[in-house]
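Worksheet: one structure, shown below.
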Amino acid sequence: MMDLLNYKGKVCVVTGAASGMGAAATKILNELGAEVYALDINEPTIPVKKFIKINLGNEGSINSAVAQLPEKIDKIFSFAGVAGRIYGDKKFTPVEIVTINFIGPRHLIESLIPRMGEGGSITMIASVAGMTWIQNIPTLMTFIMAQGFEEAQDWLEANEDSPSVFGGVAETVNKPYAFSKEAIIMYSKFRSYQLAAKKIRLNVVSPGSTETPMLKDFDKIAEEELTKAFISPVGVFATPEQQAKAAIFMNSDMADYISGQDLQVEYAIVAGVFTGQVKVPGA
């Protein structure tokens, strides 16, 4: 049977490979015959071609990881991120949240794009929390046009009190997290058009509530009521494997004419929000 996914021998970079969706994707990619370079702050238990320790909140750490990656890369899977101001026993400021979730991953991707040839593809993980990106385009465009790691951080620090960034009731609605996910979607829309000339694809997968290790952190930050509001009438959380399969599809040959898209993997919950059938607490 024709190999429609076509991952055999492909060099794949996976961030967040040690847990959750990233670990699920790494397992599947191994089974498909890919060469996986696993980037994470923790070492994965799944066998990979090479593990490289990375801290996406630190530019030097990202540059060091880039130096250890091969000169030819076929696929990038950007899974790593934090749930908000709490991640396990760690706490983060709003600027640190957006740095880890967007600025760092963007810096990594932009550093690796020159190593990708025709047919290369990139999939980033956003969230249904970024669904309102289209209402925030002017602010988001100004932000993503800030070039480089430090310039983007400087922009955040200068604008963090703006209601369209994460000013206001950030603690109760997890606005820094939502803004970071809006930025991922906006960046993918903007950059995918430019990369089309090089025949490199860039897409986003936006999960709904998913049973990952971060779910407990979401419950603490945004309250369990909000987390459960994003479970569709199907009645269960998504699994990491379901989100991983969506990302693997988007980076596969089956999706070879798909770019600049935000694939919402949430069993129609966003459709419910936009049609007034789902009421989001605090919104």
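List of remarks:
- Filter pass, Ile97 being touching a Lys or Arg at 6+ places or on another chain (Cβ under 9 Å), buried (at least 19 other Cβ atoms within 10 Å of the Cβ), at pLDDT below 95 and not in a loop (DSSP other than H, G, I, E, B): yes
- Qualifying positions in region 29-45 - within 26 Å of Lys199 (Cβ to Cβ), under 18 Å from the mean Cα position of the chain (by Cα) and in contact (Cβ under 8 Å) with a residue 40 or more places away in the chain: Leu29, Leu39
- Conditions (1) out of contact with any Lys or Arg (no Cβ under 7 Å at 6 or more places or on another chain); (2) farther than 20 Å from Tyr187 by Cα; (3) outside any loop (DSSP other than H, G, I, E, B); (4) of a type in the set (Ser, Thr, Tyr); number of the one not met by Tyr37: (1)
- With respect to the conditions (1) among the small types (Gly, Ala, Ser); (2) surrounded by fewer than 17 Cβ atoms within 10 Å (Cβ to Cβ); (3) within 17 Å of the chain's Cα centre (by Cα), Gly104 lacks only one, and its number is (2).
- Residue within region 133-147 that is in contact with a helix residue (DSSP H, G or I) (Cβ under 7 Å, 6 or more places away or on another chain), over 29 Å from Ala271 (Cβ atoms) and at pLDDT 95 or above present: yes
- Only one of Ala152, Ala146, Ala83 that is small (Gly, Ala, Ser), surrounded by 18 or more Cβ atoms within 10 Å (Cβ to Cβ) and assigned to a loop (DSSP other than H, G, I, E, B): Ala83
- Region 244-283, residues that are touching a residue at least 60 places away in the same chain (Cβ under 8 Å) and on the phi > 0 side of the Ramachandran plot: Gly260, Gly282
- Any hit, region 46-55, residues being more than 17 Å from the chain's Cα centre (by Cα) and modelled with pLDDT under 95: yes
- Taken over region 50-68, the residue count meeting the criterion of being over 22 Å from Ala244 (Cα atoms) and assigned to a loop (DSSP other than H, G, I, E, B) is 3.
- Residues that are over 17 Å from Thr123 (Cα atoms) and in contact with a strand residue (DSSP E or B) (Cβ under 9 Å, 6 or more places away or on another chain), drawn from region 33-46: Ile41, Asn42, Glu43, Pro44, Ile46
- Number of positions in region 155-168 that are under 11 Å from Pro94 (Cβ atoms), touching a residue at least 12 places away in the same chain (Cβ under 8 Å) and in a loop (DSSP other than H, G, I, E, B): 3
- Considering residues of region 161-206 that are more than 23 Å from Tyr257 (Cβ to Cβ) and in contact with a Ser or Thr (Cβ under 6 Å, 6 or more places away or on another chain) only, the residue surrounded by the fewest Cβ atoms within 10 Å (Cβ to Cβ): Ser164
- Matching residues, region 206-263, being among the charged types (D, E, K, R) and modelled with pLDDT of 90 or more: Glu241, Lys245, Asp253, Asp256, Asp262
The values are calculated or read from the model by the stated rules, or taken from the named source; none is laboratory data. Just so we're clear, the structure is a prediction, and the values are computed from it rather than from any experiment. Neighbour counts are summed over all protein chains in view; Cβ atoms, including those assigned to glycine, are modelled from backbone coordinates with ideal geometry.
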